[in-house]
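In what follows, a structure is listed as structure tokens, so that the remarks can point back to it.
The values are calculated or read from the model by the stated rules, or taken from the named source; none is laboratory data. This structure is a prediction, so every number in the text was calculated from the model and none was measured. Because the Cβ atoms are built from the backbone with ideal geometry, glycine has one as well, and the counts that use them run over all protein chains shown. The protein model used for the area step is the full one, side chains on, heavy atoms only, and it has no ligands, DNA or RNA in it. Shrake-Rupley method; radii C 1.70, N 1.55, O 1.52, S 1.80 Å.
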Amino acid sequence: MKKLILGLFLGAAMLSSCDKNEEKATLNVRLTDAPAAYEEVIINVTDVKINVSAEDESGWQSMENVSTGEYNLLDFTNGLDTLLASQELPAGKISQMRLILGDGNKVKIDGEYFDLDTPSSQQSGLKFNIHADLAEGVVYNLWIDFDAKRSIVEKGNGGYSLKPVIRTFTEATSGAIKGIVSPVEAQAYIMAISASQDTLGTYADTESGEFLIRGSEEGVYSVEFVPVDGFEEKTINDVLVVTGEVTDMGTIDIEEEVE
């Protein structure tokens, strides 16, 4: 088993060295809605953008792998939601987000569809403040919560406008485990094993010895260190992971094998 793990390590060591356990978090953006007295409320999502700096308007960037297309908001009421985008981001503060809508937004009333006009001031996207702090290695859900009832305004000519009323809220869904393997030459593969035998793994960085096990569910883990030949394996039990927090194991000393 040790030889198999070491073989996998050799195939991924270069990748691990390049990554250097950069401080990143995972953000999942989800769409949900409050109930409304309409048959359908259709919005056409074309992009989701984030800005990590509240002071710098040039800091906007599109998220990766956005699930664009038409969504009926009323499909996502009473606790239901859908995933719009998921991406690893630099750990730290996310200050603002924009939901970009295209053409074809509409509401269905008494079996008839009506176009939802969007004010020209919102053509750059529906901007809202987030102010979420993302910890390294932790997975977060951020919900864009429409209030369809308050977002649709009937105009005097019988038409309808979309003036979105939105709130956002963020929730951590995991924790993480980090530490440093010493000496660096031990080049350990690290496995975190939960009480239910779920296993997460990573490699210590080949230059610094640092490691980070991302996306760890809350619970108690046994953390096993499998170094290269010439060093002793090591297991540390009762490592507690708390949702939204990074458990720092500090420096883990790996002993050389005694001949």
Quick one: which residues, 5 or more positions from Gly179 or on another chain, have an amide H under 5 Å from its amide H? H modelled 1.01 Å from N in the peptide plane, none for Pro or chain starts.
Phe211, Met249
Karplus-derived 3J(HN,Hα), 6.51/-1.76/1.60, for each residue of segment 85-99, Hz, glycine and proline x
7, 8, 7, 7, 10, x, 4, x, 8, 9, 9, 9, 9, 10, 9
Rg/Rh ratio calculated on Cα atoms of segment 48-164 (Kirkwood radius)
1.00
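Report, please, the projected area of the chain averaged over directions, based on the convex hull of its C-alpha atoms, in nm². Don't skip to the answer; put the middle values down first.
Values: hull surface 68.4 nm².
For the Cα atoms of the chain, the hull's average projected area reads 17.1 nm².
Give me the percent of accessible area attributable to carbon and sulfur for the chain, probe 1.4 angstrom.
Details: 6030 of 13130 Å².
The computed percentage sits at 46.
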The chain, relative contact order in percent, only Cα pairs under 8 angstrom and at least six apart counted:
19
Candidates Gly79, Gly219, Gly175: whichever shows maximal mean-square fluctuation once the chain is modelled as a Gaussian network with Cα springs under 10 Å
Gly79
GNM flexibility winner over the chain from Pro35, Pro119, Pro227 (Cα, springs under 10 Å):
Pro119
Please identify the trypsin sites (Lys or Arg not before Pro) of segment 143-181 that satisfy two criteria: DSSP loop assignment and at most 12 other Cβ atoms within 10 Å. Which are they?
Lys155
Using only the alpha carbons of segment 107-259, determine the length spanned along each of the three principal axes and report them from longest to shortest in whole angstroms.
89, 32, 22
Just how far, in whole angstrom, is segment 123-183 from segment 222-259 if you go by their alpha carbon centroids?
37
Partner aspartates and glutamates for Lys149 [C-alpha distance under 13 Å; skip if fewer than 8 residues away on the same chain]:
Asp33, Glu39, Glu40
Which whole-Hz couplings ³J(HN,Hα) result when phi for each residue of segment 242-259 is put into the Karplus expression 6.51 cos²θ - 1.76 cosθ + 1.60, θ = phi - 60°, listed in order with x for Gly and Pro?
10, 4, x, 10, 10, 7, 9, 7, x, 8, 9, 7, 9, 8, 6, 5, 8, 6
Cα to Cα, under 26 Å, and not fewer than 8 places away if on the same chain: which lysines meet these conditions relative to Lys24?
Lys49, Lys93, Lys127, Lys178
³J(HN,Hα) across segment 199-212 via Karplus (A = 6.51, B = -1.76, C = 1.60, θ = phi - 60°), whole Hz, x for Gly/Pro?
10, 10, x, 7, 10, 5, 4, 6, 10, 10, x, 6, 9, 8
Taking Cα atoms, how many degrees apart are the long axis of helix 2-19 and the longest axis of the chain, rounded to 10 and kept between 0 and 90?
50
5 Å is the cut-off here: which amide hydrogens, built 1.01 Å from N in the peptide plane, fall below it relative to Asn105, excluding neighbours closer than 5 in sequence?
Asn44, Leu116
Give me the 1.4 Å probe accessible area per residue for the chain, excluding ligands and nucleic acids, in Å².
51
Running a GNM on the chain with Cα contacts under 10 Å, which residue among Thr199, Thr247, Thr32 ends up with the highest mean-square fluctuation?
Thr199
Counting only residues 5 or more places away or on other chains, whose amide H sits under 5 Å from the amide H of Ile130 once H atoms are built in the peptide plane?
Gln96, Met97
